[in-house]
Amino acid sequence: MRKRKGYPVYPLTAAQKFHLYYQSFCPKKEVLNIGTSLTIEVDLDFELLKECIYKAYERCDSMRLRFAHDKEGTYYQYVVDKEERDIEFVDFSQGTLEEAERTMREWTAVPFKRDDSPMNRIVMIKMPEGYNGIYFLADHMTMDAQSLICFMKDIIELYCSTQYEGVEPPKEMASYIEQLKKDLAYEEGCKAKQRDEEFFKNLIAESEPIFNGIDGTRLLDQVRQRYDNPDERAVVDVSDSVDSELDIFHLEEEPTKRLMDFCEKYHISLACLLLMGLRTYFQKENGNDDVSINTAIARRATLKEKKSGGTRIHSFPFRTVISQDKTFLEGIYEIRDRQNEMFRHANYDPVAYFAERSRRYSTRQGHTYEPMALTYQPMTLREKGLEKLGDIKYRTKWYPNGATTQAMYLTVMHRPEDNGLDFNFEHQIKAVSREKLEYLYYYLCKIMFKGTENPNLPIGDIIKLV
């Protein structure tokens, strides 16, 4: 396919293929939906807001992305010139907040038509309690959380620069097609790709990982028994149903600040601290020094990458072997160094990584070494433009789409109202119960606080203390 409806077409990137790959196994096609709302405690001029939404569409070409497949079933993408469909408006102000949120949750569970169709939906909403704003739904093949936040921020800044004196209009967005061409050139083969492939092949060849369960070695014991093999190291940790729930645990502002202060003092990211807390939890529950967790890498190092929209996330297993006699701080530094090394090679295709690992260790289909995936989302609207509005209160909310192909996925993000942390656990209802998540969250916090208060204590002592 060269052209579609007069527009040049391009192959999918590795990040897009990854989403398409797992969606193909999922009976619920809404698994790729990302739904969110942003509302502000202010009366909005909805006609002006609509103009600003159209303008934001114009400025962000990945929001005008379409997909189409050829006779062989291979998918391509193209960008249309403009978005002409009407922007919907729904007035929820006469009902309750719960009713409004239930409706938006229902919207989030409606999959997009894949071919020649818009891959997002924006609804202007009037909410109870004087809050007004937008509900935004996007397909993960066209957006990730960072590009979604960037696009919403663009709408707000366009609105504010028109409505309020002295507010500068936002700077231009970057070209999606330009970044796409760079990604496709990399995938066709270059020295950087060869280096990345070599790095990951060596990483995989080090040794076979081992599965650590949220509730200890139960799943691994069952697999070893079933195949009468004490050396089995991978398990099936998903259930026979992709139905999911989103359970959110809130960490208050003051304890969050203590964790952030620790990160600042020791020059590490909060993602490193979270990984250290999680791996120590699994070490405690399973008795293994060897722990592997899937982590998401945003691949937005440059300003152009940050502002080009699209989906750029690559997800790789992050494995550490840290003995209990090392100190908490030594463990964190080991994680930081390993992460930095991985970031340098993160353009590599995650599907190729998993295929290579399966081939090397003859992993059975559907078996995994990772009990969960982690994403830390540092970017919030608060630090990215909304602080110009002074004391105007605003709310953001993410809505689950009701399906996941993973047993458990944790997204940690900052709350807009107080900068405290929200731990968003999306999980298969039949694979992981809320009680197990409460247990994990309780001990994760205990480990992180005990460790940050006593960074030079051996990990083994911290495990005993919690």
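The values are calculated or read from the model by the stated rules, or taken from the named source; none is laboratory data. As the structure is a prediction and not an experimental result, all values here were calculated from the model. Because the Cβ atoms are built from the backbone with ideal geometry, glycine has one as well, and the counts that use them run over all protein chains shown. Keep in mind that these areas ignore ligands, DNA and RNA; they rest on the heavy atoms of the full protein, side chains included. Shrake-Rupley method; radii C 1.70, N 1.55, O 1.52, S 1.80 Å.
Run through the DSSP bridge list for segment 62-168 and note the antiparallel percent, rounded to the nearest 5.
Bridges in segment 62-168 are about 70 percent antiparallel.
Over what distance in Å are the Cα centres of segment 47-63 and segment 273-313 separated?
For segment 47-63 versus segment 273-313, the Cα centre distance is 32 Å.
If I compute P(r) over Cα pairs in 20 Å bins from 0, in percent from the structure I just sent, which labelled value in (1) 22, 40, 27, 9, 2, 0; (2) 19, 32, 22, 15, 8, 3, 1, 0; (3) 23, 57, 20, 0 lines up?
(3)
Tell me the carbon and sulfur percent of the accessible area for segment 154-275, rounded to whole percent, probe radius 1.4 Å. Intermediate values should be presented prior to the final figure.
Working: 3230 of 6740 Å².
The nonpolar share, carbon plus sulfur, comes to 48 percent.
Where a ≥ b ≥ c are the square roots of the eigenvalues of the C-alpha gyration tensor, would you call segment 98-183 rounded, which needs a/c under 1.5, or, failing that, prolate if a/b is larger than b/c, or oblate?
Oblate, since a/c reaches 1.5 and b/c is not below a/b.
If the cut-off is a Cα-Cα distance under 23 Å, which lysines reach Lys284, setting aside same-chain residues fewer than 8 apart in sequence?
List returned: Lys326, Lys436, Lys446, Lys450, Lys464.
Given a 1.4 Å probe, how much area per residue of the chain is accessible, in Å²?
Working: 21260 Å² over 466 residues.
Normalised by residue count, the accessible surface of the chain is 46 Å².
For the chain, what is the percent of antiparallel DSSP beta bridges, rounded to the nearest 5?
Percent antiparallel among DSSP bridges in the chain is about 80.
Expressed as an acute angle from 0 to 90° and rounded to the nearest 10, what is the orientation of the C-alpha long axis of helix 46-59 relative to the principal long axis of the chain?
The answer is roughly 60 degrees.
Does segment 263-366 classify as rounded, prolate or oblate by the C-alpha gyration tensor (a ≥ b ≥ c root eigenvalues; a/c under 1.5 gives rounded; else a/b over b/c gives prolate, otherwise oblate)?
oblate
Relative to the present Cα-Cα distance, how much length would full extension add between Thr302 and Asp418 at 0.36 nm per residue of separation?
Answer, rounded to one decimal: 38.9 nm.
Would you work out if segment 171-317 is rounded, prolate or oblate? Take a ≥ b ≥ c from the square roots of the eigenvalues of the alpha-carbon gyration tensor; rounded if a/c is under 1.5, else prolate when a/b is larger than b/c, oblate otherwise.
Verdict is oblate for segment 171-317.
Taking the mean number of other Cβ atoms within 10 Å as a proxy for protection, how do you rank 228-234, 135-141, 29-35, 363-369 from highest to lowest?
Values: 228-234: 13.1, 135-141: 24.7, 29-35: 21.0, 363-369: 15.4.
Descending packing order for the listed peptides: 135-141, 29-35, 363-369, 228-234.
What ranking, highest mean first, results for peptides 209-220, 43-54 when packing means the other Cβ atoms within 10 Å averaged over each residue?
By packing density, highest mean first, the sequence is 209-220, 43-54.
Quick check: at a probe of 1.4 Å, how many percent of the accessible area of segment 395-466 sits on carbon and sulfur atoms?
51 percent
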